[in-house]
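The values are calculated or read from the model by the stated rules, or taken from the named source; none is laboratory data. Keep in mind the model is a prediction, meaning the values are calculated, not measured. Neighbour counts are summed over all protein chains in view; Cβ atoms, including those assigned to glycine, are modelled from backbone coordinates with ideal geometry.
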Amino acid sequence: MAERETLLAARGLTDEQDRLLTVDGPLADLQESCGGMIPGTLAVPELLNLVQQAREMGLRIAREFSAFDGLETVSGFARIRPLDEAEGGGCEVVIENWQRIPAKPTSTREMAERLDAIDRAAAEVTARLDASQRVQLLIGEGGDTGELQALVRDEPGKPWSDYVSLRGVAHRQPLHWRLLDGVECEIPGSERIWRVRLLPLGGDTGEPRGFEMLLVADSPLEMSETEADSTADHSRLIGSALTPVLRQPIARVIANAETIRAKLAGPLRTEYSDYAGNIAAAGQHLAGMLDDLADLEVVEAPGFSTAKDKVDLVDVARRAAGILGVRAQDRSIKLDIPDEGGHALASAEFRRVLQILINLIGNAIAYSPEGSAVTIATGKSGSGMVQISVTDEGPGVSEEQAAKIFDKFERLGRDGDDGNDTGSGLGLYISRKLALAMDGDLTLESPADGTKALGARFTLSLPAFE
């Protein structure tokens, strides 16, 4: 247990410009640890905010505070008394019950989760494996992953290691997944070296029930001369040229920001750690926008078409819900999914249907209040179509918003629980383009009770498989 150092009080005086003029030992040390000088502007953000409030309102403030001095957490009870002009016009700062507590080190589990998030951001190939490490689904983003995707599509159901060449691993499968997590490999059609990450799914008290596999390249994909010349065509600028080149630098920005936020490089003031978290989140948002822009190029290309495979919408729904289950759980949102025994067979392309459902369910989670439910249901229509719907319990969509919700760069017009809408505005546009390319459609309903909307229901309709 961390040892505490407790002092009775620490005192200081500030002027009308919130500069710390006189101060005793403990507060002086904290001022200097936070990068301030004496005399100089009060450098402890938590105390500066209280001093500014007291001075501007002319009222005494008594409140608990805590700050990080680079090595330890400092806490206490701050009493701020504004001074009149005769006394100098600033504030008297008195800290009672001053305590110093060694900072709690980041746990091994927290560190592992952050490193997993970094690898997810950098991965150009993602796959879902069963408990025996057989590939159930594989999606590649880089231009040199096409052969791997084709191999998995033509010869499905094999262990993932059958599709790649492992480096430095003499034994063949079956190997325990922990022995393969982090190994390097080569994939067909790519000259780059790839690092394998195996992230177990479930099974906290036993063997995993499956795995999320990530392939992270050791370097960004270089453009060939032909690809470089093609950038003259602006319609190919983002997806074919810039996305592969920008993905790795953005991933490194995210990785470095996460390292700073986790304080792996040494002690850091809390506000700077928070800034690093904001940088990481912005990087992840930018990476998502690159993916959307790349998809936009694909769906708007002349002659774009999709495969006509036998797709079970119930199976796709359960997979999409599994992928987004952690996000829903973080917001205490229940995902009501179709029973495993049911079937709704469509003629469509599996990965495109999965892409649409991940977008719809992700939006539903984002716009639903905490503790609510998102319902995914399948059905049939009388016109030879099968349907799958995603219904949330959010604020709903007005008629004006519904009229443009599938437009390019339209950001839904709805606010999430945090009041922010930071998407690219392409997800629903691309989803509907994909639905139309599969001879189906994507529609919206927002039931209303008087003047109040009751959530939103997006329905994907596809031709029934005959």
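Confirm whether S368 is surrounded by fewer than 19 Cβ atoms within 10 Å (Cβ to Cβ) and in the same structural domain as A435 (by TED's automatic domain parsing). Here the answer is no, as S368 does not meet what is asked. Would you confirm whether or not the stretch 405-414 contains a residue that is assigned by TED's automatic domain parsing to the domain that holds D315, at negative phi and not in a loop (DSSP other than H, G, I, E, B)? Taking every residue of the stretch 405-414 in turn, none turns out to be assigned by TED's automatic domain parsing to the domain that holds D315, at negative phi and not in a loop (DSSP other than H, G, I, E, B).
Of all residue pairs spaced 6 or more apart or on separate chains, those with beta-carbon atoms under 9 Å, a first member in the stretch 144-169 that is under 12 Å from P188 (Cβ atoms) and a second member that is of a type in the set (S, T, N, Q) and surrounded by 14 or more Cβ atoms within 10 Å (Cβ to Cβ) are D144/S190; T145/S190; E147/S190; L148/S190; D162/Q173. Pick from the stretch 15-64 the residues that are assigned to a loop (DSSP other than H, G, I, E, B) and closer than 13 Å to A78 by Cα: which of them is farthest from the chain's Cα centre (by Cα)? Applying the filter and picking the extreme gives R60. Considering only residues in the stretch 305-350 that are out of contact with any helix residue (DSSP H, G or I) (no Cβ under 9 Å at 6 or more places or on another chain) and among the hydroxyl-bearing types (S, T, Y), the one that is nearest to P463 (Cα to Cα) turns out to be S347. Here the condition is being at pLDDT 75 or above and among the acidic types (D, E); of D339, D274, D292, D229, it holds for D339 alone.
Within the stretch 150-191, being modelled with pLDDT of 90 or more and basic (K, R) holds for one residue alone: K158.
Being in a loop (DSSP other than H, G, I, E, B), out of contact with any Gly (no Cβ under 7 Å at 6 or more places or on another chain) and surrounded by 15 or more Cβ atoms within 10 Å (Cβ to Cβ) holds for only one residue in L138, L151, L175, L166, and it is L175.
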